[in-house]
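Chemist: The following block contains the structure, expressed as structure tokens.
The values are calculated or read from the model by the stated rules, or taken from the named source; none is laboratory data. Since the model is a prediction, treat every value here as computed from it, not as a measurement. No Cβ is skipped: glycine too gets one built from the backbone with ideal geometry, and neighbour counts run over all protein chains shown.
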Amino acid sequence: MRRADKAGRIAAILEDLYPEPPIPLEHADAFTLLVAVVLSAQTTDKKVNQVTPALFAAAPGPAAMAALGAARIHPLIRELGLAPQKAKALEGLSRLLIERHGGEVPRSFEALEALPGVGHKTASVVMAQAFGEPAFPVDTHIHRCAARWGLSNGTTVERTERDLKALFPRARWNALHLQIIYFGREHCPARGHDLSACPICGWAASKKRIREESTPRAAR
């Protein structure tokens with residue numbers, strides 16, 4: 001099956017499963033979304049959502065977050081991975097939002113990626129989910145699924161992003177980003193996954209990949 005045909009069938013399945021995928025990180029506006037995405041690095045969305053209510057109660061905007069400072073941000077997020085670095089990043093990006101952008105989250109990839117703690121993936125999530133700008137942020141679920149489905153060779157997340165953008169219509173990028181994440185969590189886990197029984201992997205993955213990933217390591 002051609003990649004384009006495969007992508008179309010996958011998109012139809014995902015649309016049927018998740019017609020209106022919710023944004024997994026709880027937030028009230030572009031700033032709180034930006035903060036939540038920064039905090040989600042190497043941490044589950046569920047854990048971030050447990051921590052952010054207290055953080056946002058103490059610092060709902062850039063001015064309050066900058067005033068709080070890294071030393072007081074850290075205790076509020078200490079349960080998250082990389083908490084010391086993230087606390088410094090939140091203070092730093094909040095100060096720059098005030099100094100460069102009038103306290104507003106900028107609506108451009110370049111300006112977002114210039115903020116402390118904000119890489120391309122984080123900027124893409126904010127642009128897509130806060131501002132509705134077409135983007136295709138690639139997390140571990142998307143990277144894994146795209147490789148299993150033969151939509152990308154899985155060498156780098158940058159390659160996966162380019163391949164997915166080329167295969168799917170621009171108007172569907174934002175929804176597909178979320179749909180694949182939910183599918184990866186609920187149907188296509190990294191370990192202990194029987195690809196042959198998966199509603200997408202079962203037909204989209206190569207026979208070689210199904211055989212390799214569905215066979216216990218000890219039996220290989």
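Chemist: For the stretch 99-189, which helices (runs of 4 or more DSSP H) that fit wholly inside it have 2 or more residues that are farther than 19 Å from Trp203 by Cα?
Modeler: Numbers: elements: 109-113, 120-129, 140-148, 157-167, 173-186.
Here the list reads 109-113, 120-129, 157-167, 173-186.
Chemist: Any residue in the stretch 75-90 that is basic (Lys, Arg) sitting within a Cβ distance under 7 Å of a residue that is outside any helix (DSSP H, G or I) and at pLDDT 95 or above? List the pairs, counting only those 6 or more apart or interchain.
Modeler: From residues that are basic (Lys, Arg), the pairs are Lys86/Leu80; Lys86/Gly117.
Chemist: Still on this model: Taking Gly8 as the residue in question, decide whether it is part of a helix (DSSP H, G or I) and either over 20 Å from Ala128 (Cβ atoms) or modelled with pLDDT under 95 (or both).
Modeler: Here the answer is yes, as Gly8 does meet what is asked.
Chemist: Can you tell me which residue within the stretch 173-216, out of those that are surrounded by fewer than 16 Cβ atoms within 10 Å (Cβ to Cβ) and among the acidic types (Asp, Glu), is modelled with the lowest pLDDT?
Modeler: Glu212
Chemist: With respect to Arg170, is the statement that it is among the basic types (Lys, Arg), surrounded by fewer than 16 Cβ atoms within 10 Å (Cβ to Cβ), over 12 Å from the mean Cα position of the chain (by Cα) and under 21 Å from Pro19 (Cα atoms) true?
Modeler: It is true that Arg170 is among the basic types (Lys, Arg), surrounded by fewer than 16 Cβ atoms within 10 Å (Cβ to Cβ), over 12 Å from the mean Cα position of the chain (by Cα) and under 21 Å from Pro19 (Cα atoms).
Chemist: Something else: Of all residues in the stretch 45-85, count the ones that are outside any helix (DSSP H, G or I) and at pLDDT 95 or above.
Modeler: Within the stretch 45-85, residues that are outside any helix (DSSP H, G or I) and at pLDDT 95 or above number 7.
Chemist: Same structure again: Looking at Pro134 and the list (1) in contact (Cβ under 8 Å) with a residue 40 or more places away in the chain; (2) within 30 Å of Leu151 (Cα to Cα); (3) surrounded by 17 or more Cβ atoms within 10 Å (Cβ to Cβ), which single condition is not satisfied?
Modeler: Of the numbered conditions (1) in contact (Cβ under 8 Å) with a residue 40 or more places away in the chain; (2) within 30 Å of Leu151 (Cα to Cα); (3) surrounded by 17 or more Cβ atoms within 10 Å (Cβ to Cβ), the odd one out for Pro134 is (3).
Chemist: In the set Ser124, Ser94, Ser108, which member is among the hydroxyl-bearing types (Ser, Thr, Tyr) and under 19 Å from Leu176 (Cβ atoms)?
Modeler: Answer to the selection: Ser124.
Chemist: Could you check the stretch 16-45 and list, in sequence order, the residues that are farther than 27 Å from Gly119 by Cα and either among the small types (Gly, Ala, Ser) or loosely packed, with under 15 Cβ neighbours inside 10 Å (or both)?
Modeler: Asp16, Pro19, listed by residue number.
Chemist: Next question. List, please: which pairs have Cβ atoms under 8 Å, are six or more places apart or on different chains, and start with a residue in the stretch 31-54 that is among the basic types (Lys, Arg) and end with one that is at pLDDT 95 or above?
Modeler: Pairs that qualify, where the first residue is among the basic types (Lys, Arg) and the partner is at pLDDT 95 or above, are Lys47/Glu79; Lys47/Leu80.
Chemist: Here is a follow-up. Inside the stretch 110-119, can you point out the residues that are within 17 Å of Pro134 (Cα to Cα) and either crowded, with 16+ Cβ neighbours inside 10 Å or at pLDDT below 95 (or both)?
Modeler: Scanning the stretch 110-119 gives Ala111, Leu112.
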